[in-house]
């Protein structure tokens, strides 16, 4: 299953009780809420989606995803009957939409993503009853998103590209980039897209936006069929405020282990064992360092293998290399 397949599956499941004309699905790095997967169908343009993301971060949205992800209410409706008509008039209506529902995808108290449903102008707005129905599906849909990532066995990256660096200007265009960065950005673009060389994919734009918002740096680890990709954004010093350098590369183990532990449900003790394995230590040494018996270490390793879909220590090491 691909990311677009996942988006269509979640949309179809919701569409049985909450009909809609389009959707936008974003998966989040569970450690820092950076975008790590993205797909859409008949939804907002890139410019409108970015404006909404900026408004969301600034607290100008009626239903910000940070609040929806925290619960207890995971759904929110934007429509003609609500007080935030300005956003509807200035953003949604020019895009051809007359109603919007937002759903925070939270499971086991972790925000895994967000989903936006839209209805075209002239359609009836989303109702409170439909929002209540969507609320009942928010956690199962979040669990499905988590499974989509965690059901893929941990395997070594198949990417042979060298790390790339792109400089994103304050205008959210690529000011300069290494050849490998252009290749990485093409890999991160949706399969059907054919964007200009200066345009940004949603994931690259998001990491630049987060670096600006944090006043320094931001990190995202992106799961793909060919391995995990790390994006690191760093605010640049210089004459142009807001310029961000984005480094794109296969995710190394030191960056991958924390997020893989959350996606795959690795316990704190299992993660400690994994950290020692990454150091190349044998079982007896791991047992001494963690004050465990070798038998207990082996039990933890078996649980790790089962959760990550590997069969041996060697496969685990290469998957995190």
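The values are calculated or read from the model by the stated rules, or taken from the named source; none is laboratory data. Quick caveat: nothing in here was measured; it's all calculated off a predicted structure. So basically every Cβ, Gly included, is an ideal-geometry build from the backbone, and we count neighbours across all protein chains shown.
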### Query
Looking at 6, 31, which one is surrounded by 19 or more Cβ atoms within 10 Å (Cβ to Cβ) and in contact with a helix residue (DSSP H, G or I) (Cβ under 7 Å, 6 or more places away or on another chain)?
6
#### Entry: All positions within the range 167-200 that are more than 24 Å from residue 238 (Cβ to Cβ), at pLDDT 70 or above and surrounded by 14 or more Cβ atoms within 10 Å (Cβ to Cβ)
183, 187, 188, 189
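One line per residue, one yes/no per condition, for (1) in contact (Cβ under 8 Å) with a residue 40 or more places away in the chain; (2) in a strand (DSSP E or B):
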position: 206; (1), (2): yes, no
position: 210; (1), (2): yes, no
position: 213; (1), (2): yes, no
position: 229; (1), (2): yes, yes
position: 239; (1), (2): no, no
position: 242; (1), (2): yes, no
position: 245; (1), (2): yes, yes
position: 257; (1), (2): yes, no
position: 266; (1), (2): yes, no
### Number of the condition not met by residue 265 [criteria: (1) surrounded by 18 or more Cβ atoms within 10 Å (Cβ to Cβ); (2) under 27 Å from residue 217 (Cα atoms); (3) touching a helix residue (DSSP H, G or I) at 6+ places or on another chain (Cβ under 8 Å)]
(1)
### Task
Assess whether residue 316 counts as being part of a strand (DSSP E or B) and either over 17 Å from the mean Cα position of the chain (by Cα) or in contact (Cβ under 8 Å) with a residue 40 or more places away in the chain (or both).
no
### Task
Starting from residues that are more than 16 Å from the chain's Cα centre (by Cα) and in a helix (DSSP H, G or I), keep the ones in the range 34-54 and report whichever is surrounded by the most Cβ atoms within 10 Å (Cβ to Cβ).
52
### Task
Restricting attention to the range 9-28, report how many residues are out of contact with any helix residue (DSSP H, G or I) (no Cβ under 6 Å at 6 or more places or on another chain), part of a strand (DSSP E or B) and more than 24 Å from residue 264 (Cα to Cα).
2
### Task
Search the range 215-225 for residues being surrounded by 14 or more Cβ atoms within 10 Å (Cβ to Cβ) and more than 14 Å from residue 247 (Cα to Cα), and hand back the single one that is modelled with the lowest pLDDT.
224
